[in-house]
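The values are calculated or read from the model by the stated rules, or taken from the named source; none is laboratory data. Everything numeric in this text was worked out from a predicted model, so none of it was measured. We place every Cβ from the backbone using ideal geometry, glycine too, and count neighbours over all the protein chains shown.
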Amino acid sequence: MASSIPVQPHPAPGLRRNRAFLTALGGTAVAQLGTSLYPMILPVWVMQTTGSAARVAALSSLGTTVRLLAAPLAGTVADRSDRRAVMALANLARAAIVALLALALASGHGQFPVLAIGSAALVLAGAFFSPACAGAPGGRTPARVGENHGTPRKPQG
């Protein structure tokens, strides 16, 4: 009994050989590392240097406000643009912001207003990354779309 599904003569190369995938994975890993450590380190640093719980709370409130205000626009941009481009630009922005904040702290220019602006910018870039990443079609092919949505579907043809 012959199968009606065409068989590729050579299998597609694995992800370990896919340069675009490895570049995206590496960039995302570095960005996630920086943006994951930042929210843990910043409040501790602000508390140690200023002794003000109010400033720690202000940073947290600022981040929440920026995310709430940016989310509708960021979701629209992610839906109407190339998601990979939005994710790449957001990751580049986040990496640049974390690097600039690290330089500001290392050079002694890490006063609270600089950190507040940097924190808001980091949250803003993350607000664009999140919907683009959540809506990215990871590995969906026409024959497998139903599987990704929970309903089996027969291949057409």
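For the reader, a short list of remarks on this structure follows.
- Just one of the numbered conditions (1) out of contact with any helix residue (DSSP H, G or I) (no Cβ under 7 Å at 6 or more places or on another chain); (2) surrounded by fewer than 17 Cβ atoms within 10 Å (Cβ to Cβ) is not true of residue 105: (2).
- With respect to the stated conditions, residue 56 is more than 20 Å from residue 132 (Cβ to Cβ), touching a Pro at 6+ places or on another chain (Cβ under 7 Å) and modelled with pLDDT of 85 or more.
- Residues considered: 54, 74, 29. Of these, the only one that is out of contact with any helix residue (DSSP H, G or I) (no Cβ under 6 Å at 6 or more places or on another chain) and either touching a residue at least 24 places away in the same chain (Cβ under 8 Å) or over 21 Å from residue 125 (Cα atoms) (or both) is 54.
- Qualifying position, being assigned to a helix (DSSP H, G or I) and either of a type in the set (A, V, I, L, M) or surrounded by 14 or more Cβ atoms within 10 Å (Cβ to Cβ) (or both), among 43, 72, 113: 43
- In segment 30-44, the condition of being more than 28 Å from residue 134 (Cβ to Cβ) and out of contact with any strand residue (DSSP E or B) (no Cβ under 6 Å at 6 or more places or on another chain) is met by at least one residue.
- If you go through segment 116-143 and keep only what is at pLDDT 50 or above, loosely packed, with under 13 Cβ neighbours inside 10 Å and either among the charged types (D, E, K, R) or more than 15 Å from residue 84 (Cα to Cα) (or both), you end up with just 142.
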